[in-house]
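Asks: I have a structure here, written as C-alpha cells, and I will follow up with some questions on it.
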Amino acid sequence: MKAEEQYWNPILETLPREKLQQLQLKKFQSIFRWAYEHSKFYHKIYSEAGIEPGDIKTFDDIKRVPKIEKAMMRGIQGKDPYPYGDILSVPLEQVTEYRQTSGTTGQPVYQADTWQDWEGGVEAYCYALYAQGYRDSDRIFLPFGYNIFIAFWAYHYAGEKLGCEVIPGGVLNTEARILKMQELRATAMGATPTYVLGMAETARKMGINPPKDLFIRKITVAGEPGGSVPATRKRMEDAWGAKVYDQAGSTEIGHWGWECQYQCGLHVNEAFHLVEIEDVDTGEVITEPGRKGKMVVTTFHRMAQPCIRFDSKDVVEWSPIDKCECGRTFRLLRGGVTGRADDITKVKGVLLAPASIEEVVRSIRELGDEYEVVVTKKGDIDDITLKVELVPGQEGNVDAIRARLVDQLRLKTNLGYNLEFHPSGALPRYDAKAKRFKDLRHKE
Ligand SMILES: [Zn+2]
C-alpha cells in the first residue's frame, strides 16, 4: 500500500522520533507562550513558579512547567468570563463549542473551544479513524444520544471529514437502532464497550445474530478501558464478527490516543499532544517501558482553554514495542488506560486497576459480560465485593468457577474479594458509561 493510502497524514505519522520531538518542543513553546500571555489563570501559576516563555529552550525544560489539575479548574469557573473563568484565553465571542465533564468525581468542569480548536480536534480524530481502516465507502452508525458531554461528537465530525456517511442514531432505543443498522447496512459504529456488549445481547434476544445478520465490521470504542482489555475486546469481536479498536480521550485533553489496525497498543497522537508519564509517588518522569505511572498531557491545538501539563490521573505505561508494524512513529502505550491514580481506586492500601478485574471476569467463559465492584468499610478495614453473573446452565459449577476467580483475582490485583454469583440478567445494564465500580466508603 502506498503511504498516501495508509496514513491520513503520511508526513507527520512517520516523522523520525528526533524530528517529532523537535516539532513537539516547538508546539509546546507556542502554546505555553499563548497561555502565559492570554490566560490570567496560567499567567498567575507560571509567575508564582518563576517561569516564563523564554525559559523553555530544550525538551527537558518542559518538566519545569507546573502541572495543573481538574480541581484547580473547578476553583475558577462560574466567574468572569462566565462561566469559564479566567483560564479562557480568547474573547468569549470566539467560543463556539461548549462541553462539560461528567462530574463523576465532583463538580463538572466546563470546556470551551473555538471553531478552530474544534476543527483541530476533528483533524486529530481523522488520524485515528483512518488508521482503523475507515474510508469513504463506510457507513457509520452512531447508537448514541449526543448531549453536553464530549463523547462521540468528534467521531461523528471526523467520519464526515473522511467522507464516510454518518447516521445519527440518537433518540432511538436499542431495538430500533439495531433494526436501523440492519436496514441501512451500516458498516461501522462507535460506542462504549458496555453498550457494544449490551446491544449484541439485545440483538440476540430479537433473533438477530450480529455477525451473520448485520454488516458492522469495525467498531471504535471509547469512554471505558474495555477496548484495550483483551478479554473484553475478544467478547465484543466475537459478538459482532467485527474488529474492535480502542480510542482514548477526555473533555479537557481531547482525543489523544487510538489503536491502529495492528492493535499493538494505544498510539499517542504526538502531532497534537505531548504525553508524559510520571511516577505516582515521586513525580519522576518515566521514559522507559513497562513502568506504570500517571499521565500528564499537553494539547497543542486548543487555544480557548489551553491544556498544558494536565495531570489526568490516568494510569498508563509505555509499551516495550519500539515500532508498530503500521510504520507510524507515534509512541505506543501498553494496555491503554488501566486505572486512575486517585484515592477512589486505592483499596486496602493497594492501587486497584478496575481494568484488571474486568480482564479476569471476562476471561472466564462461564461468566456473563456484566459485573459490579462495591467497596465499603468495615470498621477501619476496606471490604471489597465483586458481583458477577453466571451464564445460563452454569449454576451447578459455582464452586469450580469461584476457585478460578479467586486465584485469578489474587494474581492480577493482589486483593481478596467477597464473591456474589447472580443469575444472568440480574445486574444493571447501561446505555453508555457503566457505573460498575462503587466506592461507598465515604458515604458511611
Ligand atoms: Zn500502529
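No value in this document is a laboratory result; all are computed from the given coordinates. Being a predicted model, the structure only gives us computed values, none of them experimental. Backbone-built Cβ (ideal geometry, glycine too); neighbour counts: all protein chains shown.
Asks: Arrange Lys40, Lys161, Lys387 by Cβ neighbour counts within 10 Å, fewest through most, would you?
Replies: Ascending number of Cβ neighbours within 10 Å: Lys40, Lys161, Lys387.
Asks: Also, I was wondering about something else. Fewest Cβ neighbours within 10 Å first, please rank Trp318, Trp115, Trp256 accordingly.
Replies: Fewest-to-most Cβ neighbours within 10 Å comes out as Trp115, Trp318, Trp256.
Asks: If you line up the Cα atoms of the chain on their principal axes, what length do they span on each, largest first, in Å?
Replies: 70, 58, 43
Asks: Kindly express, to the nearest 10 degrees and within the range 0 to 90, the angle between helix 17-38's C-alpha long axis and the longest C-alpha principal axis of the chain.
Replies: 70
Asks: Related question: Could you tell me whether segment 1-159 comes out rounded, prolate or oblate from its Cα gyration tensor? Rule is a ≥ b ≥ c as square roots of the eigenvalues, rounded for a/c under 1.5, then prolate if a/b exceeds b/c, otherwise oblate. Could the numbers behind the result be given before it?
Replies: Details: a/c = 2.44, a/b = 1.22, b/c = 2.00.
Note, shape of segment 1-159 comes out oblate.
Asks: In which sequence would Glu420, Glu4 go, from the one with the fewest C-beta neighbours within 10 Å to the one with the most?
Replies: Numbers: Glu420 15, Glu4 9.
Lowest to highest Cβ neighbour count: Glu4, Glu420.
Asks: Please list 3J(HN,Hα) in residue order for segment 316-327, calculated via the Karplus relation 6.51 cos²θ - 1.76 cosθ + 1.60 where θ = phi - 60°; whole Hz, with x for glycine and proline.
Replies: 9, 8, 5, 7, x, 6, 6, 9, 6, 4, 6, x
Asks: Shifting gears a bit: Hey, rough spin-label estimate for Arg217 and Glu37, points 7 angstrom out along Cα→Cβ, what's it come to in nanometres?
Replies: Computed distance between label sites Arg217 and Glu37 equals 5.0 nm.
Asks: Across 5 Å bins from 0, what is the distribution of all Cα-Cα pair distances for segment 273-430, in whole percents?
Replies: Taking all Cα pairs of segment 273-430, the binned fractions are 1, 8, 14, 16, 15, 14, 12, 9, 7, 3, 1, 0 percent.
Asks: If each residue of separation counts as 0.36 nm, what is the full-extension length gain between Ile321 and Tyr262 once their alpha-carbon separation is subtracted?
Replies: Values: separation 59, 0.36 × 59 = 21.24 nm, distance 1.20 nm.
So the chain would gain 20.0 nm between Ile321 and Tyr262.
Asks: May I ask what percent, to the nearest 5, of DSSP beta bridges between residues of segment 1-341 are antiparallel?
Replies: Percent antiparallel among DSSP bridges in segment 1-341 is about 65.
Asks: Hey, another quick one. Could you give the spread of the C-alpha atoms of segment 345-443 along their three principal axes, from largest to smallest, in whole angstroms?
Replies: Dimensions of segment 345-443 along the principal axes of its Cα atoms: 39, 31, 22 Å.
Asks: Something else: Roughly what % of Cα-Cα distances in segment 198-318 sit above 19 Å, to the whole percent?
Replies: Numbers: 4026 of 7260 pairs.
So the pairs more than 19 Å apart make up 55 percent of the total in segment 198-318.
Asks: Still on this structure, please answer the following. Given H placed on each backbone N at 1.01 Å, which residues far from Ile277 in sequence or on other chains put an amide H within less than 5 Å of it?
Replies: Long-range HN contacts for Ile277: Ile286, Val296.
Asks: Name the long-range amide H neighbours of Lys377: under 5 Å, sequence gap of 5 or more, or other chain; modelled H, no Pro or chain starts.
Replies: So Lys377 has HN proximity to Asp383.
Asks: Continuing with the same structure: Relative to the longest principal Cα axis of the chain, at what angle does helix 115-131 sit, 0 to 90 degrees, rounded to 10?
Replies: For helix 115-131, the angle is close to 50 degrees.
Asks: So, R0 is 45 Å and r is the distance between the beta-carbons of Lys412 and Tyr82; what FRET efficiency does that work out to, to 0.05?
Replies: In this case the efficiency is close to 0.45.
Asks: Also, I was wondering about something else. Assign one of three labels to segment 248-357, namely rounded, prolate or oblate, based on the Cα gyration tensor with a ≥ b ≥ c the square roots of its eigenvalues; rounded applies when a/c is under 1.5, prolate when it is not and a/b is larger than b/c, and oblate otherwise.
Replies: Oblate is the answer for segment 248-357, as a/c is 1.5 or above yet b/c matches or exceeds a/b.
Asks: Report the net charge of residues surrounding Asp399, where surrounding means a beta-carbon distance below 15 angstrom and charges are Lys +1, Arg +1, Asp -1, Glu -1. The partial results should precede the final answer.
Replies: On the way: positive: Arg402, Arg404; negative: Glu366, Glu395, Asp407, Glu420.
Once positives and negatives cancel, what remains is -2.
Asks: What dipole magnitude, in Debye to the nearest 20, does the chain give about its Cα centre under +1 on Lys/Arg Cβ and -1 on Asp/Glu Cβ? The partial results should precede the final answer.
Replies: Numbers: 60 positive and 64 negative charges, 103 e Å.
Once rounded to the nearest 20, the dipole reads 500 debye.
Asks: Whose amide H sits under 5 Å from the amide H of Glu259, counting only residues 5 or more places off or on another chain, with H placed in the peptide plane?
Replies: Asp246, His267
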